[in-house]
Amino acid sequence: MHEQADMLILGGTILTMDDQGTIIHNGGIAIRHGALLYVGTEEEARRRFQVPETLRADSCLLIPGLINAHTHAPMTVYRGLADDLPLDVWLKEYIWPAEGRTVNPHMVYWGTLLAADEMIRAGTTLFVDMYFFEDDIGRAASDAGMRALLGEALVEFPSPNTKTPAEGLAYVRASLERWAGHPLVRPILQPHSTYACSPDLLVKSKALADEFGVPWLIHCCETQQEVEDVRRQTGKPPVALLESLGILDSRVVFAHGVHLTEEEIALLAERGVSIVHCPESNMKLASGVAPVPQLLRAGVNVAFGTDGAASNNDLSLWGDMQTAAMLHKVASGDPTVLPARQVFWMATRGAARAFGLDDRLGSLEAGKRADVVMVDLCRPNLIPMYEPYSHLVYALHPSDVRTVIIEGRLVMRDWEILTFDEEEVFCKISEMAQELGRQWGRDTNWRKTIGQ
């Protein structure tokens, strides 16, 4: 007698990313109620399951959904607004003034939908976001069918959304309660940094995270200037400050972690802190090269993030994976560091582990949630394929991603987005960009640019 499932994916090669590194040829995946019911062979899947919908994955590679562990999704609106600048100039003279004029729930919602479009097309199924009006970001993610960990940017000064730290904490508490039980969206705590938050705000935000049992992410040690400024302001560098406040533990995640000493790396390993590596943003802003090989050797868990589209300038994790693999080889003089399989592990299992989701996401195993990405191997840049991890890290283009399933739902099939109207998104962003461009004296009519 057949077992019931909602969907079968048949054919292709399954890169499970399980602990044994299992690869299954002529694969079969059964999905029911948003979960992976079976991951094995096509023959066994056909024998066991009866389904209303079957997808063929011939000549495809089936992989877990990628996890973008640090980004600022609505900043797609500012893509290309200010480039080739130091971080402090980029922020203080361009990005913060632009945000002061334009950030509102409308901008945040549509900017996030544009980000979701780009990320889905690149095989990202979960993004971890730090910005303002995060409830509207959650609304956009939910409408797009994407997973999101929402982090209202908590700061000491007035933000576009809240006027005081107390208001910021109250907003996050309300969000934690509002989104409780949602299958895709979950708020977490994300104070901006040790230079934009007082010790009191840092402690209170961690207490709120602990109360709800959620992760706590912060920008940390992104630039040498930041480290020196925090030392001057507080008498301690960022890591020592957070340790003195009793904050560092296994639910803490650092975005960037570029300027870390050997002693700090050892402490992070001891406390179970994870790092989100954002190599392209760090390179573009000349922030430095994060000590990723040293972090991994010390046992620190490392994930990947794109950062925002204003500083990367895209939201494809494939570029950051390839960049990281090559950057650390040339920086260390050792071509064996960050091999392709380890890099892909960081973008899937490592990211899931950083946010306490390794039992739900990051690999294709029965019982986990059904986030499945289908990569079309009939592409000139992917033929021949001797080793799949090599192709994923060194050869794949985002456009090679053919189909994306999140929580058992098709959100893109054969390169067609199914959950929202792309044209509407493009038009909304174009309207915003034209207004912003007028303020900065730039022509941003994308239809005119491409000759429409």
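Quick one: net charge around V227, please, counting Lys, Arg +1 and Asp, Glu -1 for every other residue with C-beta under 14 Å from its C-beta.
Working: positive: R231, R232, K236; negative: D88, E222, E226, E228, D229, E263, E264.
Local net charge: -4.
Using only Cα atoms and rounding to the nearest 10 degrees, what angle (0 to 90) does helix 199-212 make with the longest principal axis of the chain? Compared with the principal axis, the helix lies near 30 degrees.
Each of E423 and M283 was given a label point 7 Å from its Cα along the Cα-to-Cβ line. The distance between the two points is 3.7 nm.
Can you give the direction-averaged projected area of the convex hull of the alpha-carbon atoms in the stretch 183-285, in nm²? Don't skip to the answer; put the middle values down first.
On the way: hull surface 28.2 nm².
Its Cα hull, projected and averaged over all orientations, spans 7.0 nm².
Extension gain, E431-I23: 0.36 nm per intervening residue step, less the Cα-Cα distance, totals 142.2 nm. Among the trypsin sites (Lys or Arg not before Pro) within the stretch 138-181, those in coil by DSSP and having at most 13 neighbouring Cβ atoms inside 10 Å are K163. Using equal-weight Cα scatterers in the Debye expression, the normalised intensity of the stretch 236-353 in log10 at q = 0.10, 0.23 Å⁻¹ is -0.28, -1.40. Taken over the C-alpha atoms, the stretch 109-162 has Rg and Dmax values of 11.5, 36 angstrom. Taking N as the number of residues in the stretch 159-217, what is its Cα Rg relative to 2.2 N^0.38 Å? Output field value: 1.10.
Across all C-alpha atoms in the stretch 235-293, the radius of gyration and Dmax reach 11.7, 33 Å.
What chymotrypsin sites (Phe, Trp or Tyr not before Pro) in the stretch 362-446 are in a loop by DSSP, with at most 10 other Cβ atoms within 10 Å of the Cβ? List each step's numbers first, then the result.
Details: sites: Y386, Y389, Y394, W415, F420, F426, W440, W446; in loops: Y386, W415, F420.
Passing sites in the stretch 362-446 are Y386.
For the pair N104 and A196, a Förster radius of 25 Å applied to the C-beta separation gives a FRET efficiency near 0.75, rounded to the nearest 0.05. Between the helical axis of 134-144 and the longest alpha-carbon principal axis of the chain there is an angle of about 20 degrees.
Here the chain is treated as a Stokes sphere of Kirkwood radius computed over C-alpha pairs; at 10 °C and 1.306 mPa s its diffusion coefficient rounds to 71 µm²/s. Between 0 and 90 degrees, the angle of helix 224-234 with respect to the longest Cα principal axis of the chain falls at about 50 degrees.
The share of Cα pairs per 5 Å bin across the stretch 5-65, counted from zero up to the longest distance, runs 5, 20, 32, 26, 14, 3, 0 percent. Annotation: for a label point projected 7 angstrom from Cα along Cα→Cβ of R360, residues of the stretch 181-201 with backbone N closer than 13 Å are 181-188. Of the GluC sites (Glu not before Pro) in the stretch 145-177, not one is in a loop by DSSP (not H, G, I, E or B) with at most 13 other beta carbons within 10 Å. When the alpha carbon gyration tensor of the stretch 351-441 is reduced to an equivalent ellipsoid, its three semi-axes come out at 31, 21, 15 angstrom, largest first.
Here, each number is a calculation from the coordinates, and none is a lab measurement. Computed from a predicted structure; not experimentally measured. We place every Cβ from the backbone using ideal geometry, glycine too, and count neighbours over all the protein chains shown.
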